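The values are calculated or read from the model by the stated rules, or taken from the named source; none is laboratory data. Source: prediction; values computed, not measured. Using ideal geometry, Cβ is built from the backbone for each residue, glycine included, and neighbour counts are taken over all protein chains shown.
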Amino acid sequence: MSPQTQDLLIIARRYCELVEGLQEGDRAPLAKINELLPRLHAAMTALAPIDEGSFDPAVDLDQRFELFSRLHRLLGDLDPYWMEYDVTPDRQEMSGSLADDLTDIYCELKNGLTRIEGSQDADRTLGRWRTGFCKHWGQHVVDAERHLYSLSARDRLY
């Protein structure tokens, strides 16, 4: 396994640990996620295309909803954010959700880590990660990075 791949796996494991460790009232893991997401983004962008995998949309919807609900509750007023195209006069609707972003990233990474740890064939999983990142969850990384940066700039992560 290349050093780049090993670094990506370390980042993925750390991200999952941070999400699993989020507790009510403790924003320190969010600050660490804020620091880690750019590294995840760079590692995924640097990952060479691998023909071994295709996008794998198979998901456990109950598990995903349970995690989303927990994160949504824990994040409270830090969860919603405006997307660039949101323009409403009364500003009642916010379409972005940090809980949704963190959940989608987590589920993709956790699923891949489980596959890699259960077999010796990392190429297929890395290919799926790369394809999924380009087609779906990479946008969640970018949105979460932007929102966490904004929260950090306003001293709301500490």
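Would it be correct to say that Asp143 is modelled with pLDDT under 80 and either under 27 Å from Thr5 (Cα atoms) or polar (S, T, N, Q) (or both)?
no
Pairs under 6 Å by beta carbon, first residue more than 23 Å from Asp26 (Cβ to Cβ) and assigned to a loop (DSSP other than H, G, I, E, B) in the range 77-102, partner among the acidic types (Asp, Glu) and modelled with pLDDT under 95, six or more apart or different chains?
Between residues of the range 77-102 that are more than 23 Å from Asp26 (Cβ to Cβ) and assigned to a loop (DSSP other than H, G, I, E, B) and residues that are among the acidic types (Asp, Glu) and modelled with pLDDT under 95, the close pairs are Ser95/Asp86.
May I ask you to list the residues in the range 6-15 that are surrounded by fewer than 18 Cβ atoms within 10 Å (Cβ to Cβ) and of a type outside the set (A, V, I, L, M)?
Once the filter is applied, which keeps residues that are surrounded by fewer than 18 Cβ atoms within 10 Å (Cβ to Cβ) and of a type outside the set (A, V, I, L, M), the range 6-15 yields Gln6, Asp7, Arg13, Arg14.
Can you tell me which residue in the range 143-158 is surrounded by the fewest Cβ atoms within 10 Å (Cβ to Cβ), limited to those that are in contact with a Leu (Cβ under 8 Å, 6 or more places away or on another chain) and outside any helix (DSSP H, G or I)?
Looking at the filtered set, the residue picked out is Arg156.
Taking the range 21-45, which residues are part of a helix (DSSP H, G or I), over 12 Å from the mean Cα position of the chain (by Cα) and charged (D, E, K, R)?
Lys32, Glu35
Which one of these does Tyr149 not meet: (1) farther than 14 Å from Met44 by Cα; (2) at pLDDT below 90?
Tallying (1) farther than 14 Å from Met44 by Cα; (2) at pLDDT below 90, Tyr149 fails exactly one: (2).
Quick one: what pairs do we get from the range 131-143, first residue under 22 Å from Leu78 (Cβ atoms) and touching a residue at least 12 places away in the same chain (Cβ under 8 Å), second surrounded by 19 or more Cβ atoms within 10 Å (Cβ to Cβ) and of a type in the set (Asp, Glu), C-beta under 6 Å, 6+ apart or different chains?
Qualifying pairs under 6 Å: Trp137/Asp104; Trp137/Glu108; His140/Asp101; His140/Asp104; Asp143/Asp101.
Could you check, for the range 53-60, whether at least one of its residues is at pLDDT 95 or above, surrounded by 12 or more Cβ atoms within 10 Å (Cβ to Cβ) and of a type outside the set (A, V, I, L, M)?
Within the range 53-60, not a single residue is at pLDDT 95 or above, surrounded by 12 or more Cβ atoms within 10 Å (Cβ to Cβ) and of a type outside the set (A, V, I, L, M).
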